[in-house]
Amino acid sequence: MTALNDLDSLRVGYVSFGRATFDMTQAKAMTHSSIEALENENGVWSFVEETITTVSDAEETAKRLNGTIDVLLAQFTTFVDARFIVSMAKELQVPIIVWAIREPNQKPGQRLSLNSLTGANMAGRELHRLGMPFQFLYGSVEDDTFSGRLEAAFRFWSAWRKLRRFKVITLGDAPDGFFFSTPGQKAIDQLGLRIESLDLNEAFQRASEMNDTDVEKEIERVKTSVKGIDKLPKDNITKFAKMITVLKKDLAALNADAVAVRCWPEFFTNFGAAACSTLSALSDSGIMGACEADVLGSLSMDIVHQLTGSASYLGDLVEVNEEKQAITFWHCGAGAFSLANKGTGAVAGQHPNRNVGFTLEFGLKPGLVTILRIGEDLDGNLRALIGRGEMLDVPQRFKGTSGTVRLLDGEKNDDAIKRVTRVIEAGFEPHYALAYGDVVDELARLFKYSGIPVTRF
C-alpha cells in the first residue's frame, strides 16, 4: 500500500455554507465550480450539491453523512454563524477542513459580498474551543497552488486516521539487548496499535521451498533499480527474490501497514542471505520496513512516508561532523532504492560485517528532509522527536547506506554536538526515520491532536 493509495481511499464529505443576506448567486456558482474541480481530486467523495443555508439543513446533512466519511471539507461560500459548523462537528466526530474563499469584488469601495473568511474564523474559534481536530484552507479551486495544498491536507488527515489504526507485522523478535524495539503495553494501548507476528523460521522454510523459476520476474524487476546485481553470488539474489515474494503475499493478506524484521543473526545463519534488500524493496513499494524488529521505528517511517509521499529511511545516528555542523545516519545496507544519490544510483553489495548479500551500497540523495522518532518516555507513554535538516550532497560515508544531514532550526549558540547530546540524554531510541520534504509543522499538529508531546531535534 502506498501513500497515494491511502489518499485514494480517504472518504471525504463536501458541504458549502451560505447566508441569504449575502450574494447567494456568487455563492452557489462557487459551490458548483468547486464540486466540478474536486471531482478530479484524490479521495472517495460524498458531495452535498446544494448550498446549506439553515442550521436545520446542516443538522440533517450531518446525520446523513454520519459514518460514511473520514474528513469533512466545509466551504464557507459566505459568512454563516458558528451553529452550522458546531452542529455538524458534534454529529460527525471527524476532522474538518475549514475552507474560506476569496472575495470576488476586487475594486475599492465595493460591497463585501461574501465575507467567507470571517465565517471560517468564527468556525475555527469554536472548533478549537471544543477540542475538535480541524485545519484551515484559504483560496479558490482556480488558484495554481490549491490542488497541491488540498492534497497536502488530505495527506495529513490520512496519516492522522492511519495513526489510529496502524497495523505492523513483526517477523521474529527483537535482537538480544534491543529493548527499545518492542514497545510496552501502555504505548500500544495509547494509539490502539495492532501488532501481529509471523514466525521467522517458517518464513525461511516457505521461501526455500519456492522454485527458482517462480521468482525470475522479481529478479528482473530489481535489476532495473539496482546496479551490480550480476556481480553477486546468484544464491544471494535468488533468496532475496523468494523472501520478498513470501513477505509481499503475507503482508497483503494481513492488510499490513508496515513490517518490523529481526534481520540478524538468523537471516545470515539460517537463511543465508541479508534482509537489507528485502526491507529496501518493501519500502520502495510503499510498505515501510524497519530493521531489528523496531515496531515504533516502522511507525515513524510510515508517518513521514504518509505526509511526504517519499519512501522513508531508518538509520542509526553514528557520527557528528563539527565542521559541517552535520550528523550522519547509517545502516548496514537497507535503504529504499529511490533514495540513492543520483550520481551513483543504488548499488548491490554484501553486508559489511557478514559478507553476505545482498545489501545496498549508496549515499542518500541531497535535499530537504524531515526527521522523526516516535518513542516512549520514562512512564511508557508515547512521545515524538522531530527535526528538519538538509541532506548534503557528499560521498557515501560508510559501507552500507548513509546520509549526512545538516540540522536546521537550531537555537542561538546551538551546535550539532549540543543537539545530539540533548537527544541522547533525553533517552530517545537510536533509530531515526527520515523522508524527503518539509513536514515538521504537520508532524507537530498531528501529535498535538494525538496527545503526543513533541521534542525538537
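Values in this text are rule-based calculations from the coordinates and carry no lab data. Just so we're clear, the structure is a prediction, and the values are computed from it rather than from any experiment. Cβ placement follows ideal geometry from the backbone for every residue including glycine, while neighbour counts extend to all protein chains displayed.
Taking every alpha-carbon pair in the stretch 126-254 and binning the separations at 10 Å intervals from zero gives 9, 23, 23, 23, 15, 6, 0 percent. Per residue, the convex hull around the alpha carbon atoms of the stretch 150-222 comes to 166 Å³.
Calculated from the alpha-carbon coordinates, the stretch 102-167 shows an Rg and a Dmax of 15.9, 57 Å respectively. For the stretch 227-293, chymotrypsin sites (Phe, Trp or Tyr not before Pro) are listed when DSSP marks them as loop and at most 12 other Cβ atoms sit within 10 Å of their Cβ; the list is empty. Applying 0.36 nm per residue to the separation of ASP189 and ASN353 and subtracting their alpha-carbon distance, the gain on full extension is 55.3 nm. Span-like helix check, the chain: qualifying full DSSP H segments, with Cα axial length of 27 Å or more and mean Kyte-Doolittle of -0.5 or more, are 234-253. Stretching the chain fully between GLU202 and VAL420 yields a gain of 74.5 nm (0.36 nm per residue, less the alpha carbon separation). Neighbour counting of Cβ atoms within 10 Å sorts the residues TRP264, TRP45, fewest neighbours leading, into TRP45, TRP264. Residues of the stretch 416-454 falling in the label zone of HIS128, defined by backbone nitrogen less than 18 Å from a point 7 Å along Cα to beta-carbon, are 441-442, 444-451. Placing a pseudo-label 7 Å from each Cα along the Cα-to-Cβ vector at LYS63 and LEU378 gives an inter-label distance of 5.2 nm. Counting only lysines at least 8 places from LYS242 when in the same chain, those with an alpha carbon closer than 20 Å to its own are LYS217, LYS223, LYS227, LYS231, LYS234. Pairs with C-alpha atoms separated by more than 27 Å, drawn from the list LYS248/LYS448; LYS186/LYS418; LYS365/LYS399, are LYS248/LYS448; LYS186/LYS418.
When +1 charges are put on Lys and Arg Cβ atoms and -1 charges on Asp and Glu Cβ atoms, the dipole computed for the chain relative to its Cα centre reaches about 460 debye. Averaging 1/r across all pairs of distinct Cα atoms in the stretch 249-355 and inverting the result yields a Kirkwood radius of 14.8 Å.
Do any chymotrypsin sites (Phe, Trp or Tyr not before Pro) in the stretch 355-419 lie in a DSSP loop with no more than 15 other beta carbon atoms within 10 Å, and if so, which? Each step should come with its number before you reach the end.
Working: sites: PHE358, PHE362, PHE398; in loops: PHE358, PHE398.
Listed in order of number, the matching sites are PHE398.
Annotation note: GluC sites (Glu not before Pro) in the stretch 191-255 located in DSSP loop regions with a Cβ neighbour count of at most 10 within 10 Å are GLU209.
From the Kirkwood radius over Cα pairs of the chain, Stokes-Einstein at 4 °C and 1.567 mPa s returns a whole-number translational diffusion coefficient of 54 µm²/s.
The ellipsoid equivalent to the alpha-carbon distribution of the stretch 3-162 has semi-axes of 24, 18, 14 angstrom, derived from the gyration tensor eigenvalues as √(5λ) and listed largest first. If both residues of a DSSP beta bridge must be in the chain, then about 45% of such bridges are antiparallel. Taking a point 7 Å out from the Cα of THR54 in the direction of its Cβ, the residues of the stretch 64-93 whose backbone N falls within less than 15 Å of it are 84.
Just want the ordering: THR359, THR31, THR25, THR118, from fewest to most Cβ atoms lying within 10 Å of their own Cβ.
So the residues, fewest neighbours to most, are THR25, THR118, THR31, THR359.
Between the exposed loop cleavage positions of the chain, defined as trypsin sites (Lys or Arg not before Pro) in a non-H, G, I, E, B DSSP state with at most 15 neighbouring beta-carbon atoms within 10 angstrom, the longest gap is 166-323.
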